[in-house]
Amino acid sequence: MAFEKCPKCEDEVLDNKYSCPACGYVKPENSEQKEQPGESDQPGESKITTENTSKSLQVQGVLAIVVLIIGVLWFFLTSDDYQQSKEVNIVPLIMFIGGLVWYIVTRFRIWREHSRKK
């Protein structure tokens, strides 16, 4: 087995390892790949993380998921009653669709906010 130095921390690691156990450096599969997954060659480029996302958008995302889950649960828990009367329970269906659309729009707004910061 051959050892080689980690380019980041210069610790001796096995050359067949995927990453350095000392510092977590990930070896690129080819020379065109970046040093770390998610790292950018451009100095000012931001990543989409919760630290970089405004609190209002984070809250909206959570509320959208809560509305979506409540709509799904309500729809399935009351489906037997409405199936016997051959009606559709429209309120939970609207909650589910509204929560899904709200979540998608919120995710798009988060993406747009981060793309403007670049």
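The values are calculated or read from the model by the stated rules, or taken from the named source; none is laboratory data. Treat the numbers as computed from the prediction; the structure is a model and nothing was measured. With ideal geometry, Cβ positions are generated from the backbone for all residues, glycine too; neighbour counts draw on all protein chains shown. Just so you know, the surface numbers come from the protein's heavy atoms only, side chains and all, with ligands and any DNA or RNA stripped out. Shrake-Rupley method; radii C 1.70, N 1.55, O 1.52, S 1.80 Å.
For region 100-118, filtering for residues that are open to solvent by 100 Å² or more (accessible area, probe 1.4 Å) and basic (K, R) leaves 4. One residue alone among G24, G99 is in contact with a Lys or Arg (Cβ under 9 Å, 6 or more places away or on another chain) and at pLDDT 70 or above, and that residue is G24. Confirm whether T49 is modelled with pLDDT under 90, surrounded by fewer than 10 Cβ atoms within 10 Å (Cβ to Cβ) and among the β-branched types (V, I, T). Taking the combined requirement at face value, the residue satisfies it. Evaluated against (1) open to solvent by less than 100 Å² (accessible area, probe 1.4 Å); (2) at pLDDT 70 or above, Q33 falls short on exactly one condition, (2).
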